[in-house]
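What follows is a short report on a single structure.
The values are calculated or read from the model by the stated rules, or taken from the named source; none is laboratory data. Please read these numbers as outputs of a predicted model, since none were measured by experiment. With ideal geometry, Cβ positions are generated from the backbone for all residues, glycine too; neighbour counts draw on all protein chains shown. All accessible areas refer to the heavy atoms of the entire protein, side chains included, with ligands and DNA or RNA removed. Shrake-Rupley method; radii C 1.70, N 1.55, O 1.52, S 1.80 Å.
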Amino acid sequence: MAVPLRRLTDAFRPGERVFVPAIAGESALLADELRADPARAKDVHFVSVQFPSIDTLDYLAVHPQARLTAFFMSPSARQALPSGRAALLGEDYAGIAQLLRNGPAVDLAVAHVSPPDEQGRCSPGISSDFLPLVWARARRRIAHINPRMPRTRGSFSVALADLDGHVEADRPLLSYQDPAVSEVDLRIAAHAAGLVRDGDTLQLGIGTVPLALGRALSAHRHLRVHAGMVTDVVRHLSETGALDADARIITGVALGDAALREFAAHHEQLWFTDVSQTHDVTAISRIPRFIAVNSAVEVDLLGQVNSERIGGALQAGAGGLPVFAQGALLSRGGRLLICLRATAARGTVSRIVPALDAQAVCTLPRHLADAVITEHGAAELRGRSIEQRARALIGIAAPQHQTALADAWEQMRAEL
């Protein structure tokens with residue numbers, strides 16, 4: 001039986017690699033402890049799949065000698081890279097899963113779980129994406145047992161008997177507030193909804209366009225969901241009758257507010273599993289009519305997608321986009337929908353560009369291009385010639401940038 005700890009950080013040892021939960025699984029108890037006693041983070045190497053602007057705890061800021069292995073760029077990681085305190089890995093979610101499952105085992109894994117059931121098993125609740133991949137191989141395992149963490153259905157649970165220590169503490173769960181949806185988002189969503197059919201299986205990212213798309217799909221029926229993360233969009237689709245009531249909703253994380261957590265706790269078809277399952281290209285390819293809906297920073301006239309870098313600065317990571325893109329295009333009847341606003345900087349910068357340059361990252365190569373959608377329409381690229389692709393993309397660019405793009409394409413074509 002696990003030994004009760006006075007503090008989670010009592011299990012921390014200098015020089016060890018510690019996996020800590022992130023996003024919906026972030027532990028407010030662990031954050032409180034580290035802020036109250038920063039010395040506990042000295043010489044500790046944290047490993048965490050934190051998402052920019054969602055996670056609240058900055059491990060590098062806790063102590064000047066703390067270290068972090070990160071998979072998404074953040075302001076603190078950017079600042080710590082030159083000194084070597086932070087290491088940024090360039091893996092997508094499938095690569096992260098392989099690394100955590102097959103790479104060096106962590107010394108300590110921290111879980112954030114529900115109270116145990118009659119069999120002494122705790123649920124990971126609304127976050128089961130990466131923890132299962134490190135848990136069995138971790139040299140030691142501890143848990144924050146939180147009565148606010150809902151018990152959910154899924155492929156992984158934590159046995160109280162397997163813990164090396166635990167702390168029971170009531171703490172608020174990380175809450176995510178949906179951003180406001182604009183008129184532009186609604187226009188993009190309307191174009192995207194026209195490419196979604198009744199009975200399709202959806203993967204939706206986070207952000208304003210998926211929120212708007214959720215509204216646009218309210219009248220659809222028998223939709224299914226297979227995604228790395230679900231947000232309030234899925235609850236909305238369920239409540240409007242758009243989802244197939246008999247189909248499992250597969251995900252790794254539920255990110256939202258108290259209403260979504262209540263939905264996750266009681267929806268019998270919501271199934272939580274790890275990234276090796278949610279982001280398995282082979283499994284996704286076997287799902288008929290799998291529709292991946294994702295965003296981008298910019299798309300060039302060849303159909304290449306940059307979803308990570310703005311003005312030369314990394315803003316995020318590849319995440320699940322490469323896997324979902326490949327899986328969707330291998331799926332029978334599947335589609336990849338890349339949704340983005342046509343401009344940035346109040347209309348002065350086109351996000352349909354002639355070519356990705358040295359300040360961009362090619363997250364998706366041109367051979368994975370399918371449909372690109374802005375508020376001005378949908379450009380169908382799959383199976384089209386490079387000339388047809390370029391013309392289609394110019395056609396969904398903002399009108400004030402179309403002439404410059406057409407001129408740039410004429411020059412590019414002459415040099416191909």
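A quick yes/no check of all residues on (1) under 30 Å from GLN98 (Cβ atoms); (2) of a type in the set (S, T, N, Q):
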| residue | (1), (2) |
| --- | --- |
| PHE324 | yes, no |
| THR343 | no, yes |
| THR348 | no, yes |
| ALA404 | no, no |
| ARG413 | no, no |
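Of the conditions (1) of a type in the set (Asp, Glu); (2) open to solvent by 60 Å² or more (accessible area, probe 1.4 Å); (3) modelled with pLDDT under 95, ASP43 satisfies every one except a single condition; which number is it?
(3)
May I ask you to say which residue of LEU160, LEU173 is within 24 Å of LEU255 (Cβ to Cβ), out of contact with any Asp or Glu (no Cβ under 6 Å at 6 or more places or on another chain) and crowded, with 18+ Cβ neighbours inside 10 Å?
Exactly one of LEU160, LEU173 is within 24 Å of LEU255 (Cβ to Cβ), out of contact with any Asp or Glu (no Cβ under 6 Å at 6 or more places or on another chain) and crowded, with 18+ Cβ neighbours inside 10 Å, namely LEU173.
Is it the case that HIS166 is of a type outside the set (S, T, N, Q) and assigned to a strand (DSSP E or B)?
Criteria met by HIS166.
With respect to the numbered conditions (1) open to solvent by less than 20 Å² (accessible area, probe 1.4 Å); (2) outside any helix (DSSP H, G or I), which one is the sole condition not fulfilled by ALA378?
Failed condition: (1).
In the range 316-334, is there at least one residue being open to solvent by 40 Å² or more (accessible area, probe 1.4 Å) and more than 30 Å from ARG413 (Cβ to Cβ)?
The answer is yes, given that some residue of the range 316-334 is open to solvent by 40 Å² or more (accessible area, probe 1.4 Å) and more than 30 Å from ARG413 (Cβ to Cβ).
This table checks each residue for (1) of a type in the set (Gly, Ala, Ser); (2) under 17 Å from SER48 (Cα atoms).
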position: PHE72; (1), (2): no, yes
position: ALA77; (1), (2): yes, yes
position: ARG101; (1), (2): no, yes
position: ALA109; (1), (2): yes, yes
position: HIS112; (1), (2): no, yes
position: GLU118; (1), (2): no, no
position: LEU131; (1), (2): no, yes
position: ARG140; (1), (2): no, yes
position: ARG151; (1), (2): no, no
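Can you name the residue in the range 64-106 that is open to solvent by 60 Å² or more (accessible area, probe 1.4 Å) and among the polar types (S, T, N, Q) and is also nearest to GLY252 (Cα to Cα) among such residues?
GLN98
Residue check, ILE394 against (1) in a loop (DSSP other than H, G, I, E, B); (2) more than 24 Å from the chain's Cα centre (by Cα); (3) crowded, with 16+ Cβ neighbours inside 10 Å, all met but one. Which one?
It fails just one condition, (1).
Regarding ALA414, is this residue of a type in the set (A, V, I, L, M, F, W, C), open to solvent by 40 Å² or more (accessible area, probe 1.4 Å) and at pLDDT below 95?
It is true that ALA414 is of a type in the set (A, V, I, L, M, F, W, C), open to solvent by 40 Å² or more (accessible area, probe 1.4 Å) and at pLDDT below 95.
Filter the range 314-370 down to residues that are free of Cβ contacts under 8 Å to residues at least 60 places away in the same chain, small (Gly, Ala, Ser) and not in a loop (DSSP other than H, G, I, E, B), then give me how many there are.
Result for the range 314-370: 4.
Please pick out the residue among ALA258, ALA245, ALA227 that is open to solvent by less than 30 Å² (accessible area, probe 1.4 Å) and among the aliphatic types (A, V, I, L, M).
Only one candidate qualifies: ALA227.
For the range 107-149, enumerate the residues that are crowded, with 19+ Cβ neighbours inside 10 Å and among the basic types (Lys, Arg).
ARG141
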